[in-house]
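Peer 1: Supplied in structure tokens, the structure appears directly below.
Every read-out reported here was derived from the displayed coordinates using simple, explicitly stated rules and does not represent laboratory data. What you see is a predicted model, and the numbers here were worked out from it, not measured in a lab. As a convention, Cβ positions derive from the backbone with ideal geometry for all residues, glycine included, and neighbour counts pool all protein chains shown.
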Amino acid sequence: MASKESAETNLVPPILPTRWWSKDTVAIVTGANKGIGFALVKRLAELGLTVVLTARDNAKGQEAVEALKILGLHVHFFRLDVSDPSSIKTFASWFNEKFAALDILVNNAAVSFNDIRQNSVEHADTVIKTNFYGPKLLIEALLPMFRESATVGRILNISSRLGLLNKLRNHKLRQMLMDEQKLSETQIEEMVALFLENVKNGTWQSHGWPEVWTDYAVSKLALNAYSVVLAKRYKNCGLSVNCYCPGFTQTSMTRGRGKYTADDAAEVAAKLALLPPKVLPTGKFYTVNNSSGVIYSKL
């Protein structure tokens, strides 16, 4: 997991790689009726992939599909609320019936109830359920559906620098997360449960949790840690698992503020999702560096 102390940085190629994909390459993007998710669906469709757009609001999802249709882009839509296990189960069943296999999963759906000036944990349960357990349960449901071929399957989790280890002030938890060889899903879930318990009893401010957007940061901390576990588990099994922080992007979550547009973020995400199979890394945390472009560090 990345930290200031251990970051090993490498540049990501600034242009899209040689085309290895086709219309038969299937990608799912969650939370895609607006913002980065919508922009990424549009970009992947422009590049010729078969794309499944998901959104928790059926009407807004259909509106997004119609907006793309006006641009001459055809994508598939199915309602998916990642905070609801039954919705995940229904979606996975639909996908399995409609498509032969899955190639790319981008976990973009996320929520935050804070703005730039706030740090409330009033909705911590919902934030954790959506931002951590949602992607985790969806990945588990879709894992059997990834294509078995020479082309590596890809999971790209949209994350945040707020979830990096250098934001965690609890030394014991930090040491646990840094021990990647022993790190387990159980430990990660116990950490999340501890945070929610601290929130419930009003002691979260004194337990060394991240200081900015605390509940959102903990959800991304857990997602990053889970990505480490997955990357290690499937390293030699044809599945790449990485995280990407798009930076301060102009979306509804930032109230329209930011250095980057949703299209900017989606362009980078598309490049990461479509890196050539022969050079595709796993277990990396990608972010944007103003001076040198897109870099990655060890998760």
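Peer 1: Compute the distribution of all C-alpha to C-alpha distances in the chain, in bins of 10 Å from 0, and list the percent of pairs in each, rounded to whole numbers.
Peer 2: Result returned by the calculation: 6, 29, 38, 22, 4, 0.
Peer 1: If one takes the longest principal axis of the Cα atoms in the chain, at what angle in degrees, from 0 to 90 and to the nearest 10, does the Cα axis of helix 35-46 lie?
Peer 2: Once rounded, the angle reads 30 degrees.
Peer 1: Placing unit charges on C-beta atoms (Lys and Arg positive, Asp and Glu negative, everything else neutral), compute the dipole magnitude of the chain about its Cα centre in debye, rounded to 20.
Peer 2: 520 debye
Peer 1: Starting from the Cα of residue 70, step 7 Å along the direction of its Cβ; do the same at residue 181; then give the gap between the two resulting points in nm.
Peer 2: Once both label points are built, they end up 5.7 nm from each other.
Peer 1: Using the Kirkwood formula over every pair of different C-alpha atoms, what hydrodynamic radius in Å results for the stretch 99-161?
Peer 2: Evaluated on the stretch 99-161, it is 13.6 Å.
Peer 1: Going by how many other Cβ atoms sit within 10 Å of their own, how do 86, 184 line up, fewest first?
Peer 2: The most exposed by this proxy come first: 86, 184.
Peer 1: Quick one: if you stick a label point 7 Å off each Cα along the C-beta vector at residue 190 and residue 59, how many nm between them?
Peer 2: Each label point is offset 7 Å from its Cα along the Cβ direction, giving 4.6 nm.
Peer 1: Then there's this: Where Rh is the Kirkwood radius over the Cα pairs of the stretch 131-231, the temperature 25 °C and the viscosity 0.890 mPa s, what D in µm²/s does Stokes-Einstein return?
Peer 2: 170 µm²/s
Peer 1: Mind checking the angle between helix 58-70 and the chain's longest principal axis? C-alpha axes, 0 to 90 degrees, to the nearest 10.
Peer 2: Approximately 50 degrees, to the nearest ten.
Peer 1: Then there's this: Taking 0.36 nm per intervening residue step and subtracting the Cα-Cα distance, what contour gain separates residue 232 from residue 279 on full extension?
Peer 2: Fully extending the segment from residue 232 to residue 279 adds 15.2 nm.
Peer 1: Next up: Relative contact order, percent, of the stretch 16-146 when contacts are C-alpha pairs under 8 Å separated by at least 6 residues?
Peer 2: Across the stretch 16-146, relative contact order equals 25 percent.
Peer 1: Per the Cauchy relation, a quarter of the hull surface: what is the mean projected area of the convex hull of the alpha carbons in the stretch 10-168, in nm²?
Peer 2: Mean shadow area of the hull around the Cα atoms is 11.4 nm².
Peer 1: Measure off 7 Å from each Cα along the Cα-to-Cβ vector at residue 119 and residue 169, then give the distance between these two points in nanometres to one decimal.
Peer 2: Between residue 119 and residue 169, the simple spin-label model gives 0.7 nm.
Peer 1: Let me ask something else. What relative contact order, as a whole-number percentage, does the stretch 186-242 give when Cα pairs under 8 Å and 6 or more residues apart are counted?
Peer 2: The value is 30 percent.
Peer 1: Holding the Cα-Cα limit at 29 Å, pick out from 60/136; 69/271; 60/232; 200/232; 23/278 the pairs that are longer than that.
Peer 2: Over 29 Å Cα-Cα: 60/232; 200/232.
Peer 1: Right, something else. Give the relative contact order (percent, whole number) for the chain; include only Cα pairs under 8 Å separated by 6+ residues.
Peer 2: Averaging sequence separation for qualifying contacts and normalising by length gives 24 percent for the chain.
Peer 1: Per DSSP H run of at least 4 residues, take -39500 (n - 2.57); add these up for the chain, divide by its residues and hand me the 222 nm value, nearest 500 deg cm²/dmol.
Peer 2: Taking each H run of at least 4 residues, the total per residue is -11500 deg cm²/dmol.
Peer 1: Oh, and also: Round to the nearest 0.05 the FRET efficiency obtained for residue 47 and residue 98 when R0 = 30 Å and r is the Cβ-Cβ distance.
Peer 2: So, using R0 = 30 Å, E works out to roughly 0.90.
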